[in-house]
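The values are calculated or read from the model by the stated rules, or taken from the named source; none is laboratory data. A quick note: this is a predicted structure, and the numbers were derived from the prediction, not measured. Note: ideal-geometry Cβ built from the backbone for every residue, glycine included; neighbour counts use all protein chains shown.
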Amino acid sequence: MSRPPRAVFVTLLTAGVLAGLVSGAQAAPGSSQQATSTTAAPLVLPPAKAEGVAPTAAGVQKAMAAALKDPSLGKHFGAYVYDASRGKPVFSVGTAKPFVPASTMKLLTTVAVLEALGPDHRFTTKVVRSGPASIVLVGGGDPLLTVKRPTDPTSFPTRATLQDLAASTAKALLAEGVRTVTLSYDASLFTGPAANAKWQPNYLTEGIAARTSALWVNQGRLTPGMAKRADSPALAAATSFAAQLRAVGIKAAGLKPAVADPAAKPVAQVNSASLGDLVEHVNLHSDNDGAEVLLRHVGLATDNGGSYAGGIKGLGTTLTKLGIDVTRARFEDGSGLSRTNQVPLDVLAGAVRVAASPDHPKLRHLITGLPIAGFNGSLDGRFAGPGTATGTGFVRAKTGTLTSVHSLAGLARSRSGTLLVFAVATDSSPPAKALAARAALDRATAALAACGC
């Protein structure tokens, strides 16, 4: 539930937090931003500075102690805090064993794909020729490809659509006098099993997750906004494309799988939103399907192939390249749906740490896409209970939730101006205490924002 009265306040606070990450930044070329007064306001806020004493282990421990003693966290809980302003770890507790990360796993997937491909990369869905009156719909692994343009003009990010692809395809075909085609579809960019064997079986049958495909629309949903998924997302996408072609004067038949000739003549194409925008979407909304597609792209970008195995191998090598020690981690997917993922808290915090570092500007979308405490995304309904108000607007974090598993990983701006990166988690919370466990983690991270430490 959103809380509109706080929206402007939180937005201003968040701008202050992010300002610390853009030291030395300049306005984009061609920017037309102007102040409404006669005195021009700066286009970029000055960077926040850490003032006063540096945070200490004793200070952070004292600040978080009450929240971390909450019995709803169960027997296996922990916290890790890193001073990003000064570049050093500050405090950890309960970190001897890795944790089931749940959806905080998405931080690792998204930071890896940003590193591997860069924030400006786009995924292309195209139509190519396979004969005079034969075409192939080729999937490029666009996680947000849809059938039609959203009715909400403010929808973010902008989606590529089969509607636009069909219009461009029809224009090219009709110009040649072609009105009937044989349509095939190619989803061969991704390989291996489409469903993760480490997931609970009901995830697929109940629509919690889709069979991952390089060609799908609406993330494999049979009806937009509904849970039920297609058994063959690629066939469903091709069927939708044929319907869109018919609507613009092209009759399409066939609908068989194929592998397009890489040298085939292109007819039309549509491009996804930028990877940076896709990463923001995945983390803000905890998009399981989007994360699984991005994991496959990590595999492809690291020459390990577009399978689950390739993606997981590429994930490990990319995180290691970024200076994150994954030797104690076990990765099973990209979304965190698998309960067999095992990730140390310093690894989860490490994704945020490197993204916030001035040495890695192309990773910044991981930070800007983190939900804001009490304001948007998966933190919209959080930070509303006692002891959490100090975190509103000053904490940005990715959530993780499975039965008995609750986690937060992100950053907080402390009262002294220090940027603290953190990961807090439990994977042993009693199921009946889920709300209390989440509230305890909210209090723990709000305490970081409140403390001088």
Name the single residue, out of those in segment 432-453 being buried (at least 24 other Cβ atoms within 10 Å of the Cβ) and among the aliphatic types (A, V, I, L, M), that is farthest from the chain's Cα centre (by Cα).
Ala447
Matching option when the condition is under 30 Å from Lys75 (Cβ atoms) and either part of a helix (DSSP H, G or I) or aliphatic (A, V, I, L, M) (or both), among Leu107, Leu137, Leu165:
Leu107
Just one of (1) under 17 Å from the mean Cα position of the chain (by Cα); (2) surrounded by 24 or more Cβ atoms within 10 Å (Cβ to Cβ) trips up Ile312, so point out which.
(2)
Contacts under 8 angstrom Cβ, first residue in segment 181-210 being in contact (Cβ under 8 Å) with a residue 24 or more places away in the chain and assigned to a strand (DSSP E or B), partner among the charged types (D, E, K, R) and surrounded by fewer than 16 Cβ atoms within 10 Å (Cβ to Cβ), 6 or more apart:
Val181/Lys251; Ser184/Lys256; Tyr185/Lys256
Quick check: anything in segment 374-397 crowded, with 24+ Cβ neighbours inside 10 Å, in contact (Cβ under 8 Å) with a residue 60 or more places away in the chain, among the aliphatic types (A, V, I, L, M) and under 18 Å from Lys106 (Cβ atoms)?
no
Considering only segment 243-255, how many residues are under 10 Å from Val181 (Cα atoms), out of contact with any helix residue (DSSP H, G or I) (no Cβ under 6 Å at 6 or more places or on another chain) and of a type in the set (A, V, I, L, M, F, W, C)?
1
Just to be sure before I move on: is Ser213 surrounded by 13 or more Cβ atoms within 10 Å (Cβ to Cβ) and either closer than 11 Å to Ala237 by Cβ or outside the structural domain of Ala237 (by TED's automatic domain parsing) (or both) in the structure I sent?
yes
Residues satisfying the stated conditions in segment 400-419, i.e. farther than 17 Å from Ser286 by Cβ and within 21 Å of the chain's Cα centre (by Cα):
Leu411, Ala412
